[in-house]
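Report on the following structure.
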């Protein structure tokens, strides 16, 4: 695997913990609104960390950091991810995984083997519009996306019991884009993931790292209206990163 980024201290990526964030390169999606273009494409423009460098850092920060967030790109495209996480767990860290849910078999194994303590799964759009949110139109026209693996991951997380803070927890989250997400889409998403422990709505932010520029954020009143709509289905729904 390619380790293409390390945020050495974060209070945001692993809520409730002082953590670091590891960015693994490569992704099987091409979401046009993704803000990690260089990491997703793993184009070679970013210097890699070696595992020796990373584990030297983690050893030194034991007792200061309590969590490690593993994100991407998409971490579960790497077959050696379980062994990588197991080595991190041996140092005493709790581990949070960010995933697009496209590898339910690996996700299940990570949960069953207690290798991850927390999981944040991105819900890109309602099922009927998933293809418009996981393809990069400048590369190719969106093709009909086989949602079966995403549905398996959603069902897997929904089946997890509500347990205390020392056990496994999960959340779903959606980055809201004006051109891609409307009221009907949000209602369809909530009908799909009803029963979720937590759902977070994030606003799109334009940046130099966006895969396909030209998208826009909803205004704050629309974001608040979406939050209230979702709370009718999933009471623990909140806006995140919206002032």
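Quick notes on this one:
- Placing one equal scatterer on every Cα of segment 3-173 and applying the Debye formula, the log10 ratio I(q)/I(0) at q = 0.10, 0.11, 0.15 Å⁻¹ is -0.38, -0.46, -0.86.
- For segment 160-239, the extents of the C-alpha atoms along the principal axes are 41, 27, 19 Å, listed from largest to smallest.
- Contact order normalised by residue count of the chain, Cα under 8 Å, 6+ apart, percent: 18 percent
- Axis of helix 183-193 versus longest Cα principal axis of the chain: the two differ by about 50°, to the nearest ten degrees.
- Our compactness index for segment 34-113, the C-alpha radius of gyration over the empirical 2.2 N^0.38 Å, is 1.16.
- Bridge orientation summary for the chain: considering DSSP beta bridges with both residues in this region, about 20 percent are antiparallel.
- Fluctuation leader among 29, 57, 200 - the chain, Gaussian network, Cα springs under 10 angstrom: 57
- Classification of segment 1-59 by its C-alpha gyration tensor yields an oblate form. The axis ratio a/c (a ≥ b ≥ c) is 1.5 or more, and b/c is at least a/b.
- For segment 208-235 versus segment 23-55, the gap between their alpha-carbon centres in whole angstrom: 25 Å
- Comparing 205, 154, 68 in a Gaussian network model of the chain, where Cα atoms under 10 Å apart are tied by springs, the biggest mean-square fluctuation is seen for 205.
- Cβ crowding within 10 Å ranks 128, 171 as 128, 171, fewest other Cβ atoms first.
- Taking the helices alone, the chain has a mean residue ellipticity at 222 nm of -8000 deg cm²/dmol, built from -39,500 (n - 2.57) per DSSP H run of at least 4 residues and averaged over all its residues.
Each value in this text was obtained by applying a stated rule to the coordinates, not by laboratory testing. Owing to the predicted nature of the structure, the values given are computational and were not obtained by experimental measurement. As a convention, Cβ positions derive from the backbone with ideal geometry for all residues, glycine included, and neighbour counts pool all protein chains shown.
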